[in-house]
Structures are given as structure tokens and as C-alpha cells.
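This report refers to the structure that appears directly beneath it.
Here, each number is a calculation from the coordinates, and none is a lab measurement. A quick note: this is a predicted structure, and the numbers were derived from the prediction, not measured. Cβ atoms come from the backbone with ideal geometry, glycine included; neighbour counts cover every protein chain shown.
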Amino acid sequence: MRTTRALAASAVSAAAVAALALTAPAAVARDGMGANPSNIVVLPAVIARGGQLTITVDGCPGGGAATSAAFPQTQLTPITGANQTARGTATVNETARPGAYDVTVNCSGRTLTRPAAFTVIGGVRGGLGGSSTSGATPTDVAIGGGLVAAAVVGGGLFWMRRRTERRI
């Protein structure tokens, strides 16, 4: 009888220890003590001004914030089902200069910086196929005029030749 009670007591205490072991990591994650940011991924790696970036960080279970000189502070939220991963979306400033930018992530007081995480390129000018001039240059006009003249002369010679073949 005493053996049965001892086994029952040890089974109850083992269940209590197991329950405590399962809830301890969750408590640490909520306190932020389990935060250890790593592996910052920024996509796309090359972006134009005004575009949106997706920032993903491993080891950030409670979320955090991402900062860069190219965009304002962006909140990172935990991804459900992912193992301590957080993600956020940032919009690159319209005034950002072309070049490489670092991203710094802060998760529960711990920071990690990824140098040259993404590159901002200059915006493209719309219309006229993205050209940067306001119209045709003198060289463009000379080339176009030469092509038109060659076509007129070639067409005239062809027509004159066809005309003389009919007389024979």
C-alpha cells in the first residue's frame, strides 16, 4: 500500500515538474530574456525610393523594432507558428539617397545590426522610355534625317529600275 502511495506521489510531482518545464520557456519569452536577435533578412535587396521592404528577424519572440537611415522606425511583430521569428514592413523614404543602408533591430533591449542590408537606387524618369533628356539631340536629328534620305534615294532608284524594265 505504501508503495502505491509513493508511486502516486512521485507521478504527481513528475507531472508538476513537466508542466513547469513546459511553461518556463514561454515565461522567459514573454519577459524578453529569451530574445537573441539573429539572421536579419531584408527583401528585396535592391529597391527604389518609396518602395516597401520586408524585414524578418530570427530570435525575436516578442517582436521589436527595426531602424535605418532610409526609413522610419518600423515595428516587428511575432509570426505565429514560427520559431521566435518576427517580421515587419518598412517604406523607404522618398528623400533617401542612392546607396547601401544598414538595418538595426532591437528585440527586448538586445540589438543587432546588419551592415549593407539593402541598396536604394535612384528613381527612374517616366515617359519617353525613361530618357533623361527633354527631346531629340542634334545627333539624333542628323541620324534620323540620314536614314530618311537613304530610304528616299533607295526607293527612287528601285522605282526607276522597275520603270525601265517595262519598256523592254
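Calculated FRET efficiency, V41 to A149, Cβ-Cβ distance, R0 = 45 Å: about 0.20 to the nearest 0.05.
Less than 5 angstrom separates the built amide H of G62 from none of the residues sequence-distant by 5 or more or on a different chain.
Does region 47-128 classify as rounded, prolate or oblate by the C-alpha gyration tensor (a ≥ b ≥ c root eigenvalues; a/c under 1.5 gives rounded; else a/b over b/c gives prolate, otherwise oblate)? Prolate, since a/c reaches 1.5 and a/b exceeds b/c.
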